[in-house]
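J.: Below you will find the structure I want to go over with you.
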Amino acid sequence: MSDLATNMEKARGYLARFGENGVAHHIAGQAVTSQAQFDTITPTDQGVLARVARGGAVEIDRAAQAARVAFPAWRDMPGAERKRLLHRIADAIEARAEEIALVEAMDTGQAIRFMSKAAVRGAENFRYFADQAVQARDGQSIYAPGQVNLTSRTPIGPVGVITPWNTPFMLSTWKIAPALAAGCTVVHKPAELSPLTASLLVEIAEEAGLPPGVWNTVHGFGEDAGRALTEHPALKAVSFVGESATGSRIMAQGAATLKRVHFELGGKNPVVVFADADLDRAADAAVFMIYSLNGERCTSSSRLLVEETVHDDFVARVAEKAAAIPVGHPLDPATVIGPLIHPEHERKVLAYFDRARDEGATIATGGEKATGGDLDAGCWVRPTLFTGARNDMAIAQEEIFGPVLTAIPFSGEEDAVRLANDVPYGLAGYLWTNDLTRALRVTEAMEAGMIWVNSENVRHLPTPFGGMKASGIGRDGGDWSFDFYMETKNVSLATGAHKITKLGG
Ligand code: NAD
């Protein structure tokens, strides 16, 4: 049997349970159903993978109450014990990594070669934050004459986590592991387009020993379950990953209950290539950062800014590499580009191809639906490169969230920085130059929360992750995650008999 056939058979086995029982919410350690349901489809052929419970305000309230009841015991559990538990969850994720990767590849259309890594990265997220749990409450001592100040941190309370459909398993662990390590309890609302691995995740956590009610998952749509979560008074904060427009709505919805918000939003990230760079490595990295994960990735390098002296050669090289990328079934280990998440998203991406033509850009490669054989039934588009584009075109300004790259030439440093910053977003940037002082100047001027110089996106979990401008509010990673999930308290102790100010008497 080919690897594809073997993977398909295994995936069928793993998916069978969802087909038989449907997908329930998970509240206070129990599977909870709703009368309303929705279908989750596979974008490979639009077949229904499972019926999923569609929660609303009632289910969110039940979950928030469960998280409220579970909070004091979880908050007061010693950090070392929480650490042990979170490591056990990581072990359990690793043990079921194959199942997670195959189910996620079918639910999202993402290639198995990336989903296998994403499942393992989910375990790494748990391990990293497990180790931080021990010192999460630590504070500082701050000296002043006649006074010592002691700061300490305490978990903010039950929190809500709302995640998007792209790499849903890894992103859920990225938000939930630090919340649990900090001592918060959680209500999670996964994306309606890819709910399956979120339902595995909470089950795995409880099988590994997480007490019931510490982590509750409610499935459903943004406008009902999502909205109810952001408005619930028992949930003290909302950690959200998704589109910038949704972030604005969530901020408004959470205003009445003064929700603390953490937003990881959209991006239109530039890769800036100077003529002095190692152009072979730069070309491979630019190709990887836009065409891996179907380009459905917040940190994808969707704008290619190239110094004009090397622009034509460089762009031709990228076009050649893009045209050679294997497009196919997500369970085929050879596949790089699988189908986009959903027919509606595919329509959105295809509409940008028409828009690019109308606005006068040139299609160097791709620019169409990928067809032929099994591809006809699913949501595949060809890896696409636009040239002859201007930065004011929609394809250079808007987040397309597909395997679509827009190349634009620049002349000199100032022009490069102007183009890099001339978008509403500021999530990530990639810079290629062998001139160290230029790298320092340009990174200082670039408006982005994260910049990689001479590399693709290589994550190191202690470093801050997040965006500027319309790309987000707040940072994750390292201690930054705890700043969000915890309250800081200052206690000021007098060290001597300092003068008391008497008023009257
Ligand atoms: P989306 O904003 O449409 O949905 C995200 C989540 O929000 C879903 O669970 C959805 O149900 C929920 N939601 C929608 N409306 C809501 C409302 N009114 N109240 C509460 N919840 C609501 O985003 P998407 O299409 O699922 O995901 C793609 C987006 O996510 C892209 O813009 C991408 O850049 C972004 N993203 C950002 C990062 C980052 O780290 N910056 C990472 C991954 C994805």
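J.: Over region 130-207, consider all pairs of different Cα atoms and compute the Kirkwood hydrodynamic radius from their mean reciprocal separation; express it in Å, one decimal. Walk me through the numbers on the way to the answer.
T.: Details: mean 1/r = 0.0687 Å⁻¹.
The Cα-based Kirkwood calculation yields 14.5 Å.
J.: On each of the three principal axes of the Cα atoms of region 189-308, give max minus min coordinate, whole Å, ordered largest first.
T.: 55, 37, 21 Å, listed from the longest principal axis down.
J.: Sticking with this one: Step by step: find N for region 302-398, compute 2.2 N^0.38 Å, then divide the Cα radius of gyration by it. What's the final number? Walk me through the intermediate numbers first.
T.: On the way: Rg = 14.2 Å, N = 97, 2.2 N^0.38 = 12.5 Å.
With N residues counted in region 302-398, Rg over 2.2 N^0.38 Å equals 1.14.
J.: Say the dipole of the chain comes from +1 at the beta carbon of Lys and Arg and -1 at that of Asp and Glu; which of 79, 123, 253 then lies farthest toward its positive end?
T.: Farthest towards the positive end: 79.
J.: Can you tell me the dipole magnitude for region 158-290 around its Cα centre, using point charges on the Cβ only (Lys, Arg +1; Asp, Glu -1), in Debye to the nearest 20? Intermediate results must be reported in sequence, preceding the final value.
T.: Values: 9 positive and 13 negative charges, 119 e Å.
Using Cβ point charges on Lys, Arg, Asp and Glu, region 158-290 gives about 580 debye.
J.: Now a separate question. Quick one: in region 167-247, what % of C-alpha pairs are over 18 Å apart?
T.: On the way: 1267 of 3240 pairs.
Here the long-distance tail beyond 18 Å is 39 percent of all Cα pairs in region 167-247.
J.: Is there a quick way to get the dipole size of the chain? I mean about its Cα centre, with the Cβ of Lys and Arg at +1 and of Asp and Glu at -1; what is the value in debye to the nearest 20? Walk me through the intermediate numbers first.
T.: Details: 48 positive and 61 negative charges, 442 e Å.
I would put it at about 2120 debye.
J.: Check which residues have an amide H placed less than 5 Å from residue 365's amide H, if you skip close sequence neighbours.
T.: 385
J.: Let me ask something else about it. Compute the length gained on full extension between residue 149 and residue 6: take 0.36 nm times their separation in residues and subtract their Cα-Cα distance, giving the result in nm to one decimal.
T.: Values: separation 143, 0.36 × 143 = 51.48 nm, distance 6.20 nm.
Using 0.36 nm per residue and subtracting the Cα-Cα distance, I get 45.3 nm.
J.: What value in Å³ per residue do you get for the convex hull of the alpha-carbon atoms in region 350-427? Walk me through the numbers before you get to the answer.
T.: Numbers: hull volume 7.6 nm³, N = 78.
Expressed per residue, the convex hull around the Cα atoms of region 350-427 is 97 Å³.
J.: Report the Cα centroid-to-centroid distance between region 320-335 and region 397-440 in angstrom, as an integer.
T.: Cα centroid of region 320-335 versus Cα centroid of region 397-440: 26 Å apart.
J.: List, largest first, the extents of the alpha carbons of region 299-338 along their principal axes, each in whole Å.
T.: Here the Cα extents, ordered largest to smallest, are 41, 22, 9 Å.
J.: For region 229-293, what D do you get in µm² per second when you plug the Kirkwood radius from alpha-carbon pairs into Stokes-Einstein at 10 °C and 1.306 mPa s? Please report the intermediate quantities before stating the final value.
T.: Working: Rh = 14.6 Å.
D = 108 µm²/s.
J.: Where a ≥ b ≥ c are the square roots of the eigenvalues of the C-alpha gyration tensor, would you call the chain rounded, which needs a/c under 1.5, or, failing that, prolate if a/b is larger than b/c, or oblate? Display every interim value, and only then the final one.
T.: Values: a/c = 2.01, a/b = 1.24, b/c = 1.62.
Taking the square roots of the gyration eigenvalues as a ≥ b ≥ c, the chain is oblate.
J.: Apply the Karplus parameterisation 6.51 cos²θ - 1.76 cosθ + 1.60, with θ equal to phi minus 60°, to every residue of region 288-299 and state each ³J(HN,Hα) to the nearest whole Hz, in sequence, with x for glycine and proline.
T.: 4, 6, 10, 9, 6, 6, 6, x, 8, 8, 5, 9
J.: Given a 1.4 Å probe and the protein chains all in place, what does the accessible area of residue 257 round to, in Å² to the nearest 10?
T.: 50 Å²
J.: log₁₀ I(q)/I(0) of region 421-464 at q = 0.23, 0.24, 0.26 Å⁻¹, via Debye over equal Cα point scatterers, no solvent, to two decimals?
T.: One equal scatterer on each Cα of region 421-464 leads to -0.86, -0.91, -1.02.
J.: Return, for the Cα atoms of region 435-485, the radius of gyration and Dmax in Å, separated by a comma.
T.: 12.5, 40
J.: What are the extents of the Cα atoms of region 274-359 along their three principal axes, listed from largest to smallest and rounded to whole Å?
T.: The Cα atoms of region 274-359 stretch 41, 36, 22 Å along their principal axes.
J.: For region 1-157, restrict the atom set to alpha-carbon positions and state the Rg and Dmax in Å.
T.: 21.2, 77
J.: Show me, bin by bin at 10 Å from 0, the whole-percent P(r) of region 365-473 based on Cα pairs.
T.: With 10 Å bins starting at 0, P(r) equals 12, 36, 33, 15, 4, 0.
The values are calculated or read from the model by the stated rules, or taken from the named source; none is laboratory data. Computed from a prediction, not measured in an experiment: that's the story for all the values here. Virtual Cβ from ideal backbone geometry, glycine too; neighbours counted across all protein chains shown. The protein model used for the area step is the full one, side chains on, heavy atoms only, and it has no ligands, DNA or RNA in it. Shrake-Rupley method; radii C 1.70, N 1.55, O 1.52, S 1.80 Å.
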